[in-house]
1. Does anyone have the angle between helix 93-102 and the longest principal axis of the chain? Alpha-carbon axes, 0 to 90°, nearest 10?
2. I need the chymotrypsin sites (Phe, Trp or Tyr not before Pro) found in the range 315-357, filtered to DSSP loop residues with at most 14 other beta carbons within 10 Å of theirs.
3. Distances over 29 Å make up what percent of all Cα-Cα pairs in the chain?
4. May I ask you to evaluate 6.51 cos²θ - 1.76 cosθ + 1.60, the Karplus curve with θ = phi - 60°, for each residue of the range 256-266 and list the ³J(HN,Hα) values in order in whole Hz, giving x for glycine and proline?
5. Using Cα atoms only, what is the angle between the long axis of helix 167-184 and the major principal axis of the chain, expressed in degrees (0 to 90) to the nearest 10?
6. Which whole-angstrom value gives the distance between the alpha carbon centres of the range 311-364 and the range 138-155?
7. What is the pair-distance distribution P(r) of the range 1-121, computed from all Cα-Cα distances in 5 Å bins starting at 0, with each bin given as a whole percent?
8. Write out the GluC sites (Glu not before Pro) in the range 312-364 meeting two conditions: DSSP loop, and at most 16 other Cβ atoms within 10 Å of their Cβ.
Amino acid sequence: MTQVRLCGLSKRFPPDRVALHEVWLTVEPGEFLTIVGASGSGKSTLLRLIAGLESPSSGEIYFDTERVTELPPQQRDVGMVFQNYALYPHLTVFENLAFPLRIRRWRRHAIAERVRQIAALLGLEAVLDRYPRELSGGQRQRVALGRALVRSPRVFLFDEPLSNVDAPLRAQMRADLLSLQRQLGITALYVTHDQLEALSLGTRVAVLSEGRLLQVAPPEELYYFPNSLTVARFIGSPPMNLLSGVVQQGQLLLRGGEAAVPLPLPLPEGSQWTLGIRAELLTLGNTPESVPIGNAIVKSVEYAGHETLVALEHPAAEGSLFVRLSPPLRPPSYGETVALALRPGPLCLFDPGSGQRRYPIDAR
């Protein structure tokens, strides 16, 4: 297992586009780190720098204690899986899997044994004599994984490998991928724009925005305690609810003046804050353990089977306010005015000026 260290890594493209700004990141041996960000955030550039397909403008890359910044790709011992699979269409599955070993001059019997080991691991034994065009999307993806795995690389890099897989198959592929990585113990970096993939796969999740690394944290910490308004607005579907207020007598008086949230810590009187609340911590109607936060008007109701997502208009909210309801709760109707309350749970207070989170609150 290999540790990967990025030390002040930057990449600039001519004439003056900066793709990455001084990224400092350590990926521990055997860790599965997911990297999430919007298109153009620098995710794929970061992987290409680690793989040696691009050269950094500044900064260093280490595998354990070895500096690999200037090593060519073939000397870094990295396995990379691309979103388009990059399989050779004129070669069978067996030949695609064997190709990395043949160019390394492995003996024929050793190649056959290793390919069959990987095929058994990935459930590809029955298709070894087929061509990529004869495979399903999931099978082609497993062949791409196998070709990267067959030579036991030090580091595994994934560049949105499931983006071309049909939605019903993605959940199974995520489970298979995570099980395989844990079984083999390979250090892995996985780039995606899909937050569900990032949160469900990653031991930790790194958030990139405009080439800057905003936060690296375990999935639950990232979800409930984003370190900035930028991360809060990006992570989660729906994103974190943000409500504005001012401190008065130990409470956060929400904009509109009709409700206040008790604060478990002393804050300067009259100071302004943005309160961050996840959709599942809001409820319609009041209960003995909840805190009323005023009335809201229903803007839309989205039924998703296992849950219903209600979008509300609230005077203190930045944009729509979202509530996640689970059956058997009856969702309200469009245009209805409903009472809104806050359940006990993790909250965030952000400085509206700097956008940084100042206080995580676990109000239980």
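1. Taking the Cα atoms of the chain, the angle to 93-102 is about 70 degrees.
2. Of the chymotrypsin sites (Phe, Trp or Tyr not before Pro), the ones in loops of the range 315-357 whose Cβ has at most 14 other Cβ atoms within 10 Å are Tyr334.
3. 51
4. x, x, 9, 7, 9, 10, x, 9, x, 9, x
5. Relative to the chain, helix 167-184 is tipped by roughly 70 degrees.
6. Computed from Cα coordinates, the inter-centre distance equals 43 Å.
7. Values per bin, smallest distances first: 2, 9, 16, 19, 17, 14, 12, 8, 3, 1, 0.
8. Answer in residue order: Glu336.
FYI, it's all coordinate maths here, none of it is from the lab. Keep in mind that this is a model prediction, so the values were computed, not measured. Because the Cβ atoms are built from the backbone with ideal geometry, glycine has one as well, and the counts that use them run over all protein chains shown.
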